[in-house]
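The values are calculated or read from the model by the stated rules, or taken from the named source; none is laboratory data. Just so it is clear, the model here is predicted, and its values are computed rather than measured. In this analysis, Cβ positions are derived from the backbone assuming ideal geometry, glycine residues included, and neighbour counts consider all displayed protein chains. Keep in mind that these areas ignore ligands, DNA and RNA; they rest on the heavy atoms of the full protein, side chains included. Shrake-Rupley method; radii C 1.70, N 1.55, O 1.52, S 1.80 Å.
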Amino acid sequence: MNISADFTPSPFTLNDLMKVPLLDLKAQYESIRHEIEPVLLKVAEDQAFILGPEVEALEQNIANYIGAKYAVGVSSGTDALLLAMMALGIGEGDGVIVPTFSFFATAGVVARLNAMPIFVDIDPETYNIDPVGIEKAYAKYKGDVNIKAIVTVHLFGQAAHMKPIMEFAEANGLHVIEDAAQAIGSAYMDERRVGSIGTAGCFSFFPSKNLGAFGDGGVVTTNDEELAHKMRLMRVHGAEKRYYHEMIGGNFRLDAIQAAVLNVKRKYLDSWHESRRKNAQKYNELFASQDDIVTPASVYEDDSSPLHPFTSLRFPHIYNQYSIRTPRRDQLMANLNEHGIGNAVYYPVPFHEQKCFADVPSARDAFPVADQISAEIIAIPVYPELTSDMQEYVANTIKSFL
Ligand SMILES: *Cc1c(COP(=O)(O)O)cnc(C)c1O
């Protein structure tokens, strides 16, 4: 801005002109372009586009980071879920327990395999699947379908309450598929990272996730050698030797260009998580005196931070999203839009209310928590490059609205 001697203040303050996006990938790119551009060029020079050494390096990199024995790079987070379920033999006549509050893919893949999704309500503090609800749904539907698996979504980057879920799954011979699409690097209370706890961990490299590619991509992690092998085959149409098909799979391959970008970005992931946590902590403080805003029940920060109601332990959150709640959500959204502040509702319609699931028997159950959360929740900018001025502008706009 050019401030001259005869500058007269306009009725607008500087803040009114500030724009804050929900996510700023260009800012991230500026900080790493010197490392990204050479690897992009190398892929162009090599002209080797699919799977190959960059993908293998990424798989090793992710397996080490997550603490899982195997990682299989795939074409998206959705395909990670689909491939894991296909390799576990989930199909017609089977049931899969899923939280009713998640991104569509979590339940969509179950229905695509002609299996029945069984919806369960969420915990009001973390918005993750309610372990008690799992037991009730299992008892209610086990006579109708062969329930084979539970999907735990680590929503917004915070681990679901895995301990009771793993115990229940083991006692009943169920697989646990972790939908860790939003939670790469997030850890559970015993410090294991999500994706290393269940039968399989499914991750997405969609650009807006904490580790984002230059397009679609994903990975499945597992400690089960046989499952890893089967997924590697199914990723290439079920053929170990080309044109000789042992089983039916699909094209679930990851591109070299995505792996090359991800191998660079992976080095910065923990520092990006840390910046997101700092931003979340700052919002928590800025909103602390505000009774009409519910902030995330995060339990990462330090010894004085609130404890998780189930466990008295802390769950390191990676804040893929920082979502607050208010009963005046829709008005707040309009107000943020007027002030140039990026925001989004994850998710406005739970699975049990989706038209495409109207015939799913469990859609008629009661989901009071998900109904309330989906009407009140709204995500605000928390990305690592957010400046403190921007953050204060966001918080002040919200506070003066409420
Ligand atoms: C993003 C996401 C997916 C799907 O990942 P894509 O890479 O977009 O296919 C699945 N589940 C959850 C919870 C997600 O957030």
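Taking amide H as placed 1.01 Å from N in the peptide plane, the amide H of ASN128 sits under 5 Å from that of ASP123, each at least 5 places away or on another chain. Here the Gaussian network model covers the chain, with springs between Cα atoms less than 10 Å apart; of GLN281, GLN290, GLN182, GLN290 fluctuates the most. Spin-label model, LEU40/VAL264: points 7 Å from Cα along the beta carbon direction are separated by 0.8 nm. Solvent-accessible area of ARG33, all protein chains in place: 90 Å² (probe radius 1.4 Å, heavy atoms, ligands and nucleic acids excluded). GNM, the chain, Cα, under 10 Å: largest mean-square fluctuation among TYR346, TYR127, TYR141? Among TYR346, TYR127, TYR141, the largest mean-square fluctuation in the Gaussian network model of the chain belongs to TYR141. Legend: residue pairs LYS69/LYS282; LYS163/LYS209; LYS142/LYS209; LYS142/LYS241, Cα-Cα distance threshold 28 Å; pairs beyond threshold, LYS69/LYS282; LYS142/LYS209; LYS142/LYS241.
Reducing the range 329-402 and the range 180-253 to their Cα centroids gives an inter-centroid distance of 29 Å. Surface composition of the chain: carbon and sulfur make up 52 percent of the accessible area, probe 1.4 Å.
What distance in nm separates the simple spin-label points at ASN251 and SER388, each placed 7 Å from Cα in the Cβ direction? So the label points at ASN251 and SER388 sit 5.1 nm apart. In the assembled protein chains, HIS34 presents an accessible area of approximately 120 Å² (probe radius 1.4 Å). List residues of the range 333-365, by number, whose backbone nitrogen lies under 16 Å from a label position 7 Å along Cα→C-beta of LYS282. Answer for the range 333-365: 342. List the aspartates and glutamates whose Cα sits under 14 Å from the Cα of LYS19, skipping any in the same chain fewer than 8 residues away. Counting by Cα, and skipping residues close in sequence, LYS19 has these aspartates and glutamates nearby: GLU338, GLU385, ASP389, GLU392.
Rolling a 1.4 angstrom probe over the protein heavy atoms with all chains in place gives the chain an accessible area of 44 Å² per residue.
When the chain is treated as a GNM with alpha-carbon contacts under 10 Å, the residue of ALA149, ALA379, ALA44 showing the greatest mean-square fluctuation is ALA44. In terms of its alpha-carbon gyration tensor, the range 34-193 comes out prolate; a/c meets the 1.5 threshold, and the first ratio a/b outweighs b/c. The convex hull of the Cα atoms of the chain, projected and averaged over all directions, covers 22.5 nm².
Couplings for the range 264-276, taken from phi via the Karplus curve 6.51 cos²θ - 1.76 cosθ + 1.60 with θ = phi - 60°, read 6, 5, 3, 5, 9, 4, 5, 6, 5, 4, 4, 5, 4 Hz in order; Gly and Pro are left as x.
Modelled spin labels at LYS399 and GLN331, positioned 7 Å past Cα toward Cβ, are 2.0 nm from each other.
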